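This report refers to the structure that appears directly beneath it.
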Amino acid sequence: MVVSTTSRPGAGRRPASPGGPPPPGGLRRGIADRVPARLRRLALPYLLILPAVLLELLVHLVPMVIGIGMSFLKLTQFFLRNWSAAPSAGLGNYRVAVDFDGAVGRSLLHSFLVTVAFTVLTVGLSWLLGICGAVLMQGSFRGRAVLRALFLVPYALPVYAGVITWSFLLQRDSGLVNHVLVDQLHLFGERPFWLIGSNSFVSLIVVCVWRSWPFAFLVLMAGLQNISDDLYEAAAIDGAGWGRRLRAVTLPMLRPVNQVLVLVLFLWTFNDFNTPYVLFGKSAPHEADLISIHIYQSSFVTWNFGSGSAMSVLLLLFLLLVTAVYLVATSRRRSDA
Amino acid sequence: MRRRKPYLLAVAGALVLAATACGADDSPSTAGSAGGSAAQTITYWASNQGTSLENDKEVLRPELDRFTKETGITVNLEVVPWADLLNRILAATTSGKGPDVVNIGNTWSASLQATGAFVPWDDALLKTLGGKERFLGPSLAATGAPGQPPTAVPIYGMTYGLFYNKKMFEEAGIDKPPATWDELIADGKKLTKDGRWGLAVEGASVSENAHHAFIFGRQHGAELFDASGKPHFDSDQETRAIKQYLDLMAVHKIVNPSNAEYANGTEAVQDFVSGKAGMLMWQSIATQLKQAGWSEDDYGLAPIPLPDPSQGGEQVNAMVAGINLAVFKTAANTDGALKFAQFMTSRQTQQNLNKAYGSLPTVTDAYDDPAFESETVKTFQQILSTTAAPLPQVAQESQFETLVGNAMNQLFADVASGKPVTQEAVKAKLTEANQQMGG
C-alpha cells in the first residue's frame, strides 16, 4: 500500500455544463427531479466539497485578501477605527520594506536571513532525529510503546507550557541549564546567557527542534509501517547490510512521505510565531529575530499595520515561490526515476 | 433515490454556512450589549497594579461592589496584564467591540487619543467629575495632547524614585541615600559584594528602558521630539544619557549582568525585595513590599539623583507616570461608564485604591487621609510636583517607547555578554530606531 493516492477517479473530470449549486428552490423535490441525473451525478463531488470551500474562503482567503488590501494603505493609529479613511500608500509600504539601504528594509533582510538559517537548521535536525528515532524503533522490543509515547510528549504538550518551561531552564542565574553546565560540569568559567545575545539563536533552534522532531518521528514511523517486509528480506538475501538496506530500501520507499514532511516542517518552522514569542517575549534578541516576530513588531507594536501587511504579503509570496519550486523539483525527480 | 440524499445534504450545508456568514455580518450593531440587562452592566478592563492579577481583583472587588450598591450597575471586571493591554485596546479599537471602560498607562494617552477611540472629556464633561481644578496638575497634563480635550482622566498618580535597602546601606557603612550620580555609583560599588548588587534594573523591559531613556535624556537636555513633532532619538545628549545608564552595568559593574534578561517587569523588584540588590529606581511597589513584610524601617525612598546644574540639562529626575481611565466611544453603556469614571475619581475611592496600591491620589481633596502622610508617599508627592516631567504628549509616543526601549534591550544584552558598548554603538542603535519611525 503506497501512501500517495492523490488522484481519484472522476476528480479530474469537469461537469458537462456550467453547473454550480442549483438555485435554493432546487431543494424542492419536484425541481430536483427535473435536473438531469447525469448532471446531478457529476455535480455531486463539487457540491460535497462546497461547504468546505466556502469555509476555506471565509476563514483563510478573506483575511488574506484584506491583508493584501491593507498593505496598500497608510494604516496607522489615526485610521484604526475607520480603515476606509486611511489614505492609499500605493506601493510605498513595499518600497520601504525592500529598500535595503533604509533601516526598515535592512532589518527586514537581516530578520529574513536569520529565519532562513534557523529554518534550514531546525528542519534538518528535526528530520534527522525523526528518521533516527523511527528507524531505531522499527523492530519491536520491550518498552517500545512506552518509549514511543515518551517521544511524542513534546508534540502533545501545549506550546506555551513547553516553551515557558524552556525559558525558565535557560535563565542565566536560576536556570537548570546553567546549573548543569556551569555548576556541575564546569564547562564554562562565566555563566553564559541563553536568552539574549548570540546564544539565543542556539537556544531557539534547540527548543524548536525539541518541539518539531516528534512530528517528523510520527510521520516517518507511519511511513515505515507501509514498507513491506518482503523488500527487506529480499535485500537481506542479496547480502545487504543494515546501512545498505537503509539507503536502498527505507529511504527510497519513504520518498513520498519525506516530500510532504519536509515541506510541511519548512512552512511551519518558517512561520513559527509561538515559540520565539513565548521564549523571548515581544522583543526578540537581534540574533534570533525571526521574521514572524519581526512583522508583528513592525505592525502591532509600532502601530503601522500597512507596513506590517506589506511584509506579510512579501513573506507569503516567498513561501509560495519556495513551495512551487520545491514541488516542481521533487515531483520531476520522481517522474525521472 | 439513494443518491439524492447526499446531494441535498451538500446543498443544505452550503446554505447553512452562507446563512451563518451573513448572520455574522448583521450583528455588530448589537454586539457588546451583552443581552437584555445591558443597561445594568459595564465591562471594565483594569491594568495590573498589584502583585498579581488575582491580587488586583481582591483590591478592586470591594470598591466595585460599593459602586453596584450605589448605582445598581454591575461591573464585569477583567484585569489585563501589561504585556497584553495595549494590544487588547488596539484590537478593541479596530473592531469596535470592547469594554466600556479601560485603564491605560498615561504615557499612551496622546497615542490613543489620536485613534479617536475614547470619549473626549471636554470641560462640560469634566464638570461632572468636579472640574479640572480638582485634579493634580502634573497628572492632568499626561492625559492627551495639549490644546485638545483629554480622552482619559487620571486615577492613580505615580512617579519614579530611588528605593534603597536600609539594612544593606547600614552594613556597607552608608548613612544616607545618594544625592548625586557619583555618590550613587560609589554607594553601588560598596553594596556590590558576596553575590549582592548595588542596583537592580529591568534590562529587557521595553517600557522601563524607555522611561529611563526619557528621564536621563532630559537630565542631559535631550528633546525626543522637536516642536513640529519630528523624532530626534539619536541626539548626542540622548546618546550620553543612555550610555550613562548602561554604564551602571558595563563600566561601574554595580548591576548584575543577569538583569539584562529581566523582561516581565517584576524581576528587578523581586531582586530588591529579596535583598539581592540594594537600590531600585522604580514607581510605587507598595503591594510587593507589603507582601514581603517590609516597613519603612527596612527601606527608604529618595529622589533619583539630579544632574549637576553646571553641566546643563534639566533638573528632572522622574517622569509623570500613572494610570488613566478612558471610556470607549463604542461603549454599550456610556452612561454607566461615565458614572463609573465619577466613582473612580471620587474622594472615597481615590483614597481606598491609592492606599492599597501605594500610588498617589490624582484629586486634591483625597489627601486628607493620614495614609498619605507616610515618608514614601510624601517623597513621591514631592517628586511628582517638582522634578517630574511628562513624556512627550505626541501621537508617536508609543512608537518611541517601543523602538528606543528595544534598542536598549539589545544594548543591555551586548553589555551583559561582554561586548564593548561605545558611544558610537549607542548612537548607531538610536539612529536606527529613529529611521524606523519613517515619515
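The values are calculated or read from the model by the stated rules, or taken from the named source; none is laboratory data. Just so it is clear, the model here is predicted, and its values are computed rather than measured. Counting neighbours? That spans all protein chains shown, and the Cβs are built from the backbone with ideal geometry, glycine included.
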Please give the number of the condition A:Ala240 fails out of (1) more than 14 Å from chain B (Cβ to nearest Cβ); (2) in a helix (DSSP H, G or I); (3) at pLDDT below 95. (2)
Being more than 14 Å from chain A (Cβ to nearest Cβ) and buried (at least 21 other Cβ atoms within 10 Å of the Cβ), is that true of even one residue in the stretch B:260-267? no
List the number of the failed condition for A:Tyr94; all other conditions in (1) over 29 Å from the mean Cα position of the chain (by Cα); (2) of a type outside the set (S, T, N, Q); (3) at pLDDT 90 or above hold. (1)
Condition first: outside any helix (DSSP H, G or I), free of Cβ contacts under 8 Å to residues at least 24 places away in the same chain and not acidic (Asp, Glu). Now tell me which residues in the stretch A:164-212 satisfy that. A:Arg172, A:Ser174, A:Gly175, A:Leu185, A:His186, A:Leu187, A:Phe188, A:Gly189, A:Arg191, A:Pro192, A:Phe193
If you go through the stretch B:160-215, how many residues are in a loop (DSSP other than H, G, I, E, B), more than 25 Å from the chain's Cα centre (by Cα) and of a type in the set (Asp, Glu)? 2
Could you tell me how many of the residues in the stretch A:263-283 are within 14 Å of chain B (Cβ to nearest Cβ), among the aromatic types (Phe, Trp, Tyr) and either in contact with a strand residue (DSSP E or B) (Cβ under 9 Å, 6 or more places away or on another chain) or part of a helix (DSSP H, G or I) (or both)? 2
Determine whether the stretch B:224-231 contains at least one residue that is in contact with a His (Cβ under 9 Å, 6 or more places away or on another chain), part of a loop (DSSP other than H, G, I, E, B), more than 30 Å from B:Leu126 (Cβ to Cβ) and not hydrophobic (A, V, I, L, M, F, W, C). yes
Counting only residues that are closer than 23 Å to A:Ser299 by Cα, β-branched (Val, Ile, Thr) and within 18 Å of the chain's Cα centre (by Cα), give me the helices (runs of 4 or more DSSP H) lying completely in the stretch B:36-117 with at least 1 of them. B:82-95
Cβ-Cβ below 7 Å, separation at least six or inter-chain, first residue in the stretch B:84-97 and charged (D, E, K, R), second surrounded by fewer than 20 Cβ atoms within 10 Å (Cβ to Cβ): which pairs? B:Lys97/B:Ala31
From B:Leu411, B:Leu403, grab the single residue that is crowded, with 23+ Cβ neighbours inside 10 Å, more than 22 Å from B:Ala200 (Cβ to Cβ) and not polar (S, T, N, Q). B:Leu403
So is B:Thr386 free of Cβ contacts under 8 Å to residues at least 40 places away in the same chain, more than 9 Å from every other protein chain (Cβ to nearest Cβ) and surrounded by fewer than 19 Cβ atoms within 10 Å (Cβ to Cβ) or not? yes
Kindly list the number of the only condition in (1) part of a helix (DSSP H, G or I); (2) in contact with a Lys or Arg (Cβ under 9 Å, 6 or more places away or on another chain); (3) touching a residue at least 24 places away in the same chain (Cβ under 8 Å) that fails for B:Phe372. (3)
Number of the exception - B:Gln396 against (1) within 14 Å of chain A (Cβ to nearest Cβ); (2) at pLDDT 95 or above: (2)
Name the pairs whose Cβ atoms lie under 6 Å apart, with the first residue in the stretch B:415-426 and more than 14 Å from chain A (Cβ to nearest Cβ), the second surrounded by 12 or more Cβ atoms within 10 Å (Cβ to Cβ) and of a type in the set (A, V, I, L, M), and 6 or more positions between them or separate chains? B:Val426/B:Ile242
Lone unmet requirement of (1) surrounded by fewer than 16 Cβ atoms within 10 Å (Cβ to Cβ); (2) away from chain B (no Cβ under 14 Å); (3) in contact (Cβ under 8 Å) with a residue 24 or more places away in the chain for A:Pro158: (3)
